[in-house]
Amino acid sequence: MPEDDKTHPIPDLTGYITEGQLILNRELHKRGVYPPMDVMESLSRLKDKGIGRGKTREDHSDLFNQLMAAYSSGKNARELAVILGTAALSDLDQLYLKFADEYERRYISQGESDNRGIEETLDLGWDLLKILPRSEMKRIRPEYLDRYWPVSPGEGD
């Protein structure tokens, strides 16, 4: 878009409502994330109709919501680190910052020839959330936490 103006109108003469919008991010591109998808800005109008039990996996919606919340917190921690320095962040903020970095590097980024399926992607999401304390998983139902992130004996936060 001219001058990165994402509000610039795009003519659509098809008469159909588009499914969504994919927004690319210049900063992700500079850091080598490919494709540099800005997942916080991108939009899917039909997402909720295509995920969950019978479509993908029962934990998909909760996992998605938790990943987005954690990524948002990590991006906020990144902004604070720019202003205050990483050393000024709390231990939890530093974990969220690490989560955001790993989320971009391992979850968003995929090689051109990668063919990661939905199950592998969901499992990767759970693996990344384990960077954070289990007590931070406030958007995931307890039964999904118990199924996909069981607590080992002696394990704490």
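What follows is calculated from the coordinates using simple rules that are stated; it is not laboratory data. What you see is a predicted model, and the numbers here were worked out from it, not measured in a lab. Positions of Cβ are generated from backbone atoms using ideal geometry, with glycine treated the same way; all protein chains shown enter the neighbour counts.
Here are a few things to note about the model shown:
- The alpha carbon convex hull volume per residue for region 42-116 rounds to 116 Å³.
- Pairs exceeding 27 Å between alpha-carbon atoms, taken from 98/138; 49/138; 30/55; 75/138: 30/55.
- Cα gyration tensor category, rounded, prolate or oblate, for region 10-148 with a/c compared to 1.5: oblate
- For peptides 27-39, 82-94, 60-72, sequence by mean Cβ density within 10 Å, most packed first: 60-72, 27-39, 82-94
- Three-way shape label, region 89-157, alpha-carbon gyration tensor, a/c 1.5: oblate
- The length gained on full extension between residue 34 and residue 48, counted as 0.36 nm times the residue separation minus their Cα-Cα distance, comes to 2.5 nm.
- Site pair residue 127 and residue 92 shows an inter-label distance of 2.7 nm when each label is modelled 7 Å from Cα along Cα→Cβ.
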